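**Q** Starting off with a structure, shown below.
The values are calculated or read from the model by the stated rules, or taken from the named source; none is laboratory data. Just so you know, these numbers come straight off a predicted model, no measurement behind them. Every residue, glycine among them, receives a Cβ derived from its backbone with ideal geometry; neighbour counts consider all protein chains shown. Quick note on the areas: whole protein, heavy atoms, side chains included, nothing else; ligands and nucleic acids left out. Shrake-Rupley method; radii C 1.70, N 1.55, O 1.52, S 1.80 Å.
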Amino acid sequence: MFDELSQRLQTTLMGFGGDKQLTLENIDEALKDVRRALLEADVSLRVVKAFITRVKERAEGEDIIKSVSPSQQLVKIVHDELVQLLGGENKPLHLDTDPAVLLMFGLQGSGKTTTCGKLALQLRKKGKKPLLIAADVYRPAAIQQLISLGKQVSIPVFSIEGSTNVLEIAQGGLQFAKENGHSPIIIDTAGRLQVDTDMMAELLLLERITKPQEKLLVIDSMTGQEAIHVAETFNSQLGITGIVLTKLDGDTRGGAALSVVEVTGQPIKLVGTGEKMDALEPFYPERMATRILGMGDVVSLVERAQEAIDLDEAKALEKKMRRSEFSLEDFMKIQRTMKKLGSLDQILGMLPIPGMNKETREMLAHGGEAQLRRIESIINSMTIAERQKPDMINRSRKARIAKGCGMKEEDITEFLKNFDMMRKMMKQLTGMTDDMKKGKMPAGMKMPKGAKMPKGAKMPPFPGGGKPPFPF
Amino acid sequence: MFKQLFGLGKKGEESPNPAQTPQADAPQSAVQEDATGGLQKLKSAVSLTGKALVGKIVSLGHADGRLTEDELDEIEETLIRADVGMDMAIEMTEHIRKNPTIHSQDKLRDFLRSEFSGILANVPEATRLKHQKGKLNLYLVVGVNGAGKTTLIGKLANRFRQQGEKVIIAAGDTFRAAAEDQLEVWAQRAQVDLVRLDKADSAAVVFEAIAKAKAEQADVLIIDTAGRLQNKFNLMEELRKVKKIIDREAPADIVYESLLVIDATTGQNALRQAEVFHEAVQLTGVALTKLDSSAKGGIIFNIAKQYHLPVKLVGVGEKIDDLRDFDPHAFIDALFEL
């Protein structure tokens, strides 16, 4: 998210590092670069202008010129203003009425139906009893799509077969919810252009009848300069209460996010971050701004990790590592957990690794994913016994495995050798952390307290650094 | 030069496009657009862009003297707002700044027109959708989620069927919930055959569809694919696999197009889409959808300039016949007719 924007701002602001002092004149130069970066990121022009004015006022007011580290100061101001622009803090959904009604709307193809499914699942996980109402009677099979998503996540979908009257469907749905004790109620509507007056009128009627607590504009994060008009029109006609930003797992610069919040004055409440039904996350302006400035998003990663990792399983694995019993089966288990966290690219993107730009990240991720796929195919070609005790793999077994995964026997030998190495390394490492817990300095390690990795150093992809244990 | 480009070929009776490559000469355009109705739709779709872009800039021109810095800034901002992209906006503004002889309204208009038409002409591919009678015409349709692939396919199928062609659609989006059902509805509306294998992978569907097209000697095969964000490595790999199957299974003498569907409201990410999808399936053109609302479409220039990809089809509404051939000349005409 916002990857390219963060790089631009970084380059711009880094330019002030070292001996170059900020003056009233070159502040304008810097801000011109910031302006350009924001425009290239699809932030609407009007919003960019307002943003730049605010940053400039603050920068001049805070005597940035005399400060010790002007570049840092400017980064901070840009960051703070971004947080401000993105709405300050996370604003949750209002679901305190009974029943709570959520009306979802937006342009065609923005991701409304998918978001409805994801949102229903999320609410159910929080102990609610949601109902989906299929009120998109225009797009072919839209109702079918919602029903099928509902089935996937085991949430009832209300629809009236053959009806093209959205008001009838909405009323029927509300009645059904009342009788069966469903709340919240999520209403999926047809995509519409904000300039289509008939369709906007239909939405207004729907709003009158259902009296929604949340009126959520669903908007594609890849939207260009048009975002401002879309948001403005929906907001002025319906009075939206929040925004859902979709497809943020793409490589868009995502400037639309800044625009819609600024022109509507309403917060982004949720973001769609993938095709899986659980890829719907709360929106945190602070994290997003941090991310814009390339500071990484460790908090999100930690939260995702907490959801994906089974603690008991992790403890069992640790024990095995300690005793050097770590098997290939366990290795696969870790791989599967990693996948739940996201793609390598996504994970790397959230880590504040110095010197990591988009290109190296993609390269690492692509290389890494390909490597992992090869390893996976090797392990998949083994029997369960072989996975548990790789030591039993002899010549003829090797030949069979090689054939199974379409690789050479040498590749299998190399892989097994490296796996053995990794296993030994794990034992050492777990030993070390035990020593550390006891307050001892582990043998062979001399690092002063609070020492950090040198600037520009890249994180080794595997423990031990240097050559990765898997030379694929 | 300017007159040569635009003096000829007014409205429907279009003379050969100067940008057409030899391969484009043989196949006739898929549809001869009726000069009034078709053009009218396209016109109303782009007239808003014209007003906001060309009209605005031209209105700043002076009969005498230079444009002020503020006015030049306004020109740059107008270009940015039309989504033509930063580089082009800056470049064009710089050119205007350095050439005070073009600061009059007429000269500004001439300059914009020659710039824009030059960009649209400078593409290596045929600018109209390739199609040849008596051969299998295969169209692979790709794009990000929600771009409008399925709807475009429905419209395209209907158009070919109306011309008396035998059309088959392959439901290659086996991922999104009910995507096949959606396509089925379109296939019924267009009265064409649909190949769907629920829960199979898209490569299998494509294989099956090509076999059917060969066996039944179909004229047109349109392949739908699942929407995918271009930075999803695995999904792009899957698309490469589909392309491989086409290369392997389709007869050698087919007429082939890989069309990238782009939502007209998309911002600069459209460029990334063009780049990555092109790398995966060697695009031959772009279909621009949802062009029927306010001032959009500047991205057409950006894509043509940076990736030399022509826009071949334009979606201007939700009805089955709301599909237009994109004719760069007519587009420029509509843009400048104020």
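**Q** Through the Karplus equation 6.51 cos²θ - 1.76 cosθ + 1.60, θ set to phi - 60°, convert the phi angles of region B:85-92 into ³J(HN,Hα) values in whole Hz; use x for Gly and Pro.
**A** The phi angles translate into x, 4, 4, 5, 4, 5, 4, 5 Hz.
**Q** Residues of region B:251-274 with accessible area at least 20 Å² lower in the all-protein-chain context than alone (1.4 Å probe)?
**A** For region B:251-274, once contacts with the other chains are taken into account, B:THR265, B:GLY267, B:GLN268, B:ASN269, B:ARG272 lose 20 Å² or more.
**Q** For chain B, what is the mean residue ellipticity at 222 nm derived from helices alone (per DSSP H run of n ≥ 4: -39500 (n - 2.57); sum divided by total residues; nearest 500 deg cm²/dmol)? Please report the intermediate quantities before stating the final value.
**A** On the way: 14 runs with 159 residues, N = 338.
About -14500 deg cm²/dmol.
**Q** So which of B:LYS135/B:LYS199; B:LYS214/B:LYS244; A:LYS112/B:LYS212; A:LYS178/B:LYS149 end up more than 28 Å apart, counting from Cα to Cα?
**A** B:LYS135/B:LYS199; A:LYS112/B:LYS212; A:LYS178/B:LYS149
**Q** Separate question: Who wins for biggest fluctuation among B:ASP219, B:ASP73, B:ASP253 in a Gaussian network model of chain B, springs between alpha carbons below 10 Å?
**A** The residue that fluctuates most here is B:ASP253.
**Q** Hey, another quick one. Taking Cα atoms, how many degrees apart are the long axis of helix B:69-81 and the longest axis of chain B, rounded to 10 and kept between 0 and 90?
**A** So the helix axis and the longest Cα principal axis differ by about 10 degrees.
**Q** Let me ask something else. Roughly how many percent of the accessible protein surface of region A:101-297 is carbon and sulfur, given a 1.4 Å probe and a whole-percent answer?
**A** 50
**Q** Now, a different point. Tell me the angle of helix B:233-249 to the major Cα principal axis of chain B, expressed in degrees between 0 and 90 and rounded to the nearest ten.
**A** Approximately 70 degrees, to the nearest 10.
**Q** In whole angstrom, how far apart do the alpha carbon centroids of region A:226-292 and region B:273-330 sit?
**A** A separation of 25 Å, based on Cα centres.
**Q** With heavy atoms of protein chains only and a 1.4 Å probe, what residues of region B:233-250 have at least 20 Å² less accessible area in the full set of chains than alone?
**A** B:PHE233, B:ASN234
**Q** Find the Rg to Rh ratio for region A:143-215, where Rh is the Kirkwood radius over alpha-carbon pairs and Rg uses the same atoms.
**A** 0.96
**Q** Per-residue counts of other Cβ atoms within 10 Å, averaged by peptide: what ranking do you get for B:197-208, B:48-59, highest first?
**A** The densest-packed peptide leads the list: B:48-59, B:197-208.
**Q** Expressed as a fraction of 2.2 N^0.38 Å, the rule-of-thumb size for a compact globular protein of N residues, what is the C-alpha radius of gyration of region B:137-283?
**A** In units of the 2.2 N^0.38 Å rule of thumb, it is 0.97.
**Q** May I ask you to give the solvent-accessible area per residue for region A:101-297, in square angstrom, as obtained with a 1.4 angstrom probe?
**A** I get 32 Å² per residue for this part.
**Q** Ok, one more. Would you kindly calculate the translational diffusion coefficient of region A:101-297, applying Stokes-Einstein with the Kirkwood radius from alpha carbon pairs, for 25 °C and a viscosity of 0.890 mPa s, and quote it in µm² s⁻¹ without decimals?
**A** Values: Rh = 16.9 Å.
Diffusion coefficient, whole number: 145 µm²/s.
**Q** I'd like to compare A:204-216, A:252-264: which one has the highest average count of other Cβ atoms within 10 Å, and what's the full order after that?
**A** Highest-to-lowest ranking by the protection proxy: A:252-264, A:204-216.
**Q** Can you tell me how chain B classifies by the Cα gyration tensor, rounded, prolate or oblate, using a/c under 1.5 as the rounded cut?
**A** Prolate shape, in that a/c is at least 1.5 and a/b is the bigger ratio.
**Q** For the B and A pair, go ahead and give the buried accessible area with a 1.4 Å probe, both sides summed, in Å² to 100.
**A** 3500
**Q** Next question, about the same structure. With axes computed from alpha carbons, what is the tilt in degrees of helix B:202-215 against the longest principal axis of chain B, rounded to the nearest 10 within 0 to 90?
**A** Relative to chain B, helix B:202-215 is tipped by roughly 80 degrees.
**Q** Compare the Cα positions of B:GLN282, B:LEU229, B:ALA157 along the charge dipole of region B:137-283 (+1 at Cβ of Lys, Arg; -1 at Cβ of Asp, Glu; about the Cα centre) and return the one farthest towards the positive end.
**A** B:LEU229
**Q** Also: Using only the Cα atoms, work out Rg/Rh for region A:101-143, with Rh taken as the Kirkwood radius, to two decimals.
**A** 0.98
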